[in-house]
Amino acid sequence: MENYYVGIDLHSTNCYIGIIDQNGNRIFNKRANNDLNMIISTLKPFKEKIKGIVIESTFNWYWLVDGLMDEGYAVHLANVCAIKQYEGIKHTDDQSDAFWLAEMLRLKILPTGHIYPKEKRPMRDLLRRRLQLVHHRTALSMSMTSMIQNCTSINLSRYDKKNLTHHEITGLLDHPYQVMSANSINNVIIEINENIDKIEKEINRKVRLTQRYIKLTSVWGIGEILATTIMLETGDVRRFKDVGNYASYCRCVPTIKLSNGKTKGRGNKKCGNQYLAWAYLEAAYCMQRAYPEAKKWFLRKLNKKGRFVAIKALASKIARACYLIMKNNIEFEPSKLFA
């Protein structure tokens, strides 16, 4: 039976569908609104021959991938960071992009992304919302510190910023508009703290570290929240071929391109999971502050390469150690990490 391959170039309000046969001949193309029933009805005449469907890993792929999988289609999620068309092409559009996705699937050269299990996505995304709130809180806290220092020359400690009251803000600042500005920031920080606490309580109530991931908490600098983040973002660790693949997925490997010992450019820094990158950087900061062995190693690297490279190198070591812990179900051994 003849096989068809489908590429769908997905946008915010519409998508472009391209279908080719097993010889690469274009069979069908159409632009459709982002309506699942319309897309399913468009593909229905070809369903028996469709070997696979490729969808770009954009910001809005959940509904389309889940809907087509429920209809029985073999769906592949394209890794847009790893896809590159021939640079000599003078003109590209949605039609050429859709057919190129289908062509890569036909040729078996499609770089694919991981389709995270549908039932586990809500909790993972809730944890991601918590991280966004933490980032917003940090930005607001820094803004508050900057404003007070600018007006009074007082540099508040972290503890003082966490416990600021309306009365204390009024005592620090003179002008009523400055007080209003500071209070507006402080009120939002209090609201964010309450929402972060709610999310953390719900996660602690609903999520339990499985046997494969529970020993992550034995790693210096990794507590319950970081371990849960690593577990939910990693998924099944066995999907990674080796420790290098996992470290690359966590954005813990250098992106430099070398030729004859000379730098010839940089790779794509955004290829990988930004939330795992954050988790291992957080673990690295905590580890080098609290544990002498880690601090000693970090300072040696700091003196040679600088702070940024040193903290990234420590994060990379932690990511590699965590991969082995998750894969082999073993305890963390500091002596091996800092041998």
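Checking the structure you have, find out if any residue of the range 292-308 is among the aliphatic types (A, V, I, L, M) and under 18 Å from the mean Cα position of the chain (by Cα).
Residues of the range 292-308 that are among the aliphatic types (A, V, I, L, M), as a first pass: 294, 299, 302.
Pick out the ones that are also under 18 Å from the mean Cα position of the chain (by Cα) and you get none.
No; the residues of the range 292-308 include none that is among the aliphatic types (A, V, I, L, M) and under 18 Å from the mean Cα position of the chain (by Cα).
For G221, which of the numbered conditions (1) on the phi < 0 side of the Ramachandran plot; (2) of a type outside the set (D, E); (3) surrounded by 16 or more Cβ atoms within 10 Å (Cβ to Cβ) fails to hold?
For G221, the failing item is (1).
May I ask you to list the residues in the range 282-310 that are surrounded by fewer than 20 Cβ atoms within 10 Å (Cβ to Cβ) and among the aliphatic types (A, V, I, L, M)?
A290, L299, L302, V309
Please name all residue pairs, on different chains or six or more residues apart, with Cβ atoms under 8 Å, provided the first residue is in the range 213-225 and is closer than 21 Å to R238 by Cα and the second residue is β-branched (V, I, T) and not in a helix (DSSP H, G or I).
Within 8 Å, the pairs are K215/I330; L216/I222.
On the basis of being surrounded by 13 or more Cβ atoms within 10 Å (Cβ to Cβ) and either touching a residue at least 40 places away in the same chain (Cβ under 8 Å) or farther than 27 Å from D236 by Cα (or both), does L77 make the cut?
Numbers: surrounded by 13 or more Cβ atoms within 10 Å (Cβ to Cβ): yes; either touching a residue at least 40 places away in the same chain (Cβ under 8 Å) or farther than 27 Å from D236 by Cα (or both): no.
Against the criterion (surrounded by 13 or more Cβ atoms within 10 Å (Cβ to Cβ) and either touching a residue at least 40 places away in the same chain (Cβ under 8 Å) or farther than 27 Å from D236 by Cα (or both)), L77 does not qualify.
Consider only pairs whose beta carbons are under 8 Å apart and that are at least six residues apart or on different chains; among these, list those whose first residue lies in the range 172-188 and is in the same structural domain as M147 (by TED's automatic domain parsing) and loosely packed, with under 14 Cβ neighbours inside 10 Å and whose second residue is in a helix (DSSP H, G or I) and basic (K, R).
none
Which helices (runs of 4 or more DSSP H) sit wholly inside the range 92-166 and have at least 2 residues that are buried (at least 16 other Cβ atoms within 10 Å of the Cβ) and assigned by TED's automatic domain parsing to the domain that holds N29? Working first, answer last.
Numbers: elements: 94-107, 121-152, 158-162.
Answer list for the range 92-166: 94-107.
Would you please name the residue that is nearest to R130 (Cα to Cα), looking only at residues in the range 154-202 that are hydroxyl-bearing (S, T, Y) and at pLDDT below 85? Before you say what the answer is, go through the steps one by one.
As a first pass, look at the range 154-202 and keep what is hydroxyl-bearing (S, T, Y): 157, 159, 165, 170, 177, 181, 184.
Those left that are additionally at pLDDT below 85: 157, 159, 165.
Values: S157: 24, Y159: 21, T165: 24 Å.
Across the range 154-202, the extreme among qualifying residues is Y159.
The values are calculated or read from the model by the stated rules, or taken from the named source; none is laboratory data. Keep in mind that what you see is a predicted model, and the values were worked out from it rather than measured. All Cβ positions, even for glycine, are placed from backbone atoms using ideal geometry, and neighbour counts span all protein chains on display.
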